[in-house]
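For reference, the structure discussed in these notes is given below.
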Amino acid sequence: MKYVDEFRDPEKAKALFREIEALAQRIETKDGKPLQVMEVCGGHTHSIFRYGLEAMLPEKIELVHGPGCPVCVLPMGRVDDCLALAERPEVIFTTFGDAMRVPGSRKSLMQAKAEGADVRMVYSPLDALALARDNPEREVVFFALGFETTMPSTALTVLQAEAEGIANFSLFCNHITIIPTIKAILDSPDLRVDGFLGPGHVSMVIGNRPYDFIARHYRRPLVIAGFEPLDILHALWMLLTQFAEGRCEIENQYDRIVDGEGNRQALEAVAKVFELREFFEWRGLGSIDHSGLRMREAYARFDAERRFPVPQVKIADPASCQCGEVLKGVIKPWQCKVFGTACTPETPVGALMVSSEGSCAAYYQYGGGSRERAPVEAAE
């Protein structure tokens, strides 16, 4: 048996579905509306649709798909900033693959590459550093993006560049933080969220304790969840148990990976290289205070925004694109006016259809547009 098989056992899934159904019957909801549970992480969204979990849940539970995809929340103006850097003749612009096709106001990085810009896909910032080492006559810029999950590897790469004295390497920093994002969602007048499935990979870095304010101040429970189907079902069961018992706590289903303290060495590296921006613009959520990172002054020589002219122009999304409403959980992807017609993975209008973690891509790939509830027996 593979290690992962025990987290995909159909019989255990059926048992959890039955327990979830029984708990749902015990819970009284406001105005008869379903409980809204937001999975913050895009990885959870894809697992939910890959394994057909949402369709088998009781109607009293509604899953809301949150903004936990860093490519998806990147505003169009920041993509245009990438293009301005990538089109400089002295620059090799490096990026993760899921950012290549995100549309800017004029084109995507993929289109810029086709037109002659030196844009290269890498699997880690260390790959970008190796390019800088091998091409001393060129300027190598790494498109640094992601939540706390990817921050440590970026920070450690900068420290490695400093240790080696590599002068032709820099970051275009777009790292963002999860806690201000959740707070912005909770403060939004557009959305009623009753509880959260917390992000597993982010929590592996930051631990459990940063979420305490959600239960203490906003009176919403959160359960950190893993990414296999039984992880998600177990976390939902834990969340519903809290509702049924009248509790509001931060719990950790993913305790085989996540602990309360997080990864201290990773956090120290991030704190050494980065500091919080006063504000950062998010697609669909607007400007959120202290939600993005920038390079500290001590590492300014590795900061592409200081080394090169960057337009930093704010650009509105196309009027037909409703990524913002989807990101906030106000509408489902299939309710967007252009979903599956003008906007598909081959011809994306918005970032949610591009990224491997985007909720629109998950709906499109796994048929989430069909809203039929399935019987529990379908868990096999």
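Values quoted throughout were computed directly from the atomic coordinates according to the rules given, and no laboratory measurement underlies them. Worth saying up front: this structure is predicted, and the values here are computed from it rather than measured. Every residue, glycine as well, gets a Cβ built from its backbone with ideal geometry; the counts of neighbours run over all protein chains shown.
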What is the helix-to-structure angle for 229-245, meaning the angle in degrees between its Cα long axis and the longest Cα principal axis of the chain, kept from 0 to 90 and rounded to the nearest 10?
60 degrees
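Order by neighbour count: D80, D212, D127, D5, fewest other Cβ atoms within 10 Å first, most last. All intermediate terms of the calculation are to be shown ahead of the outcome.
Numbers: D80 19, D212 12, D127 15, D5 9.
The fewest-first ordering by Cβ neighbours comes to D5, D212, D127, D80.
Using packing as a proxy for protection, rank 48-56, 252-260 so that the peptide with the highest average count of other Cβ atoms within 10 Å comes first. Please list the in-between numbers first.
Working: 48-56: 19.1, 252-260: 17.0.
So the order, starting with the most tightly packed, is 48-56, 252-260.
Just the projected area, averaged over all directions, of the convex hull on the alpha carbon atoms of the range 246-289: how many nm²? Mind dumping the intermediate values first?
On the way: hull surface 23.4 nm².
If I average the Cα hull's projected area over directions, I get 5.8 nm².
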Across bins of 5 angstrom width beginning at 0, how are the C-alpha pair distances of the range 1-107 distributed, in whole percent?
2, 9, 14, 15, 13, 11, 9, 8, 8, 6, 3, 1, 0
Please grab the % of Cα pairs in the range 67-173 that end up more than 16 Å from each other.
55 percent
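Could you sort 106-119, 301-314 so that the peptide with the highest average Cβ count within 10 Å comes first and the rest follow in order?
Top to bottom by mean Cβ count within 10 Å: 106-119, 301-314.
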Order of V338, V223 - criterion: other Cβ atoms within 10 Å of each residue's Cβ, fewest first:
V338, V223
Give me, ordered by chain and number, the residues 5 or more places off V64 or on other chains with an amide H under 5 Å from its own placed amide H.
V37, M38, E39
Name the long-range amide H neighbours of F339: under 5 Å, sequence gap of 5 or more, or other chain; modelled H, no Pro or chain starts.
none
The residues T344, T150, T94, sorted from fewest to most surrounding Cβ atoms within 10 Å, come out as T344, T150, T94
Which far-off residues, 5 or more places away or on another chain, put their amide H under 5 Å from the one on V349, with H placed in the peptide plane?
T344
Env charge @ F302, Cβ radius under 11 Å, K,R +1 / D,E -1, value +1
Kindly express, to the nearest 10 degrees and within the range 0 to 90, the angle between helix 125-134's C-alpha long axis and the longest C-alpha principal axis of the chain.
20 degrees
Under 18 Å between C-alpha atoms is the cut-off here; go through the chain and count lysine pairs that meet it, provided they're at least eight residues apart or on different chains.
9
Select from F172, V193, A235 the residue farthest towards the positive end of the dipole of the range 126-251; place +1 on Cβ of Lys and Arg, -1 on Cβ of Asp and Glu, and compute about the Cα centre.
V193
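Just add up the charged neighbours of G207: K/R +1, D/E -1, any other residue whose Cβ is under 15 Å from the Cβ of G207. If you can, show how the numbers build up before the last one.
On the way: positive: R209, R256, R264; negative: E148, D212, E251, D255, D259, E261, E268.
Taking every other residue near G207 into account, the sum is -4.
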To test your reading of the geometry: what angle, between 0 and 90 degrees and rounded to tens, separates the Cα axis of helix 10-26 from the longest principal axis of the chain?
70 degrees
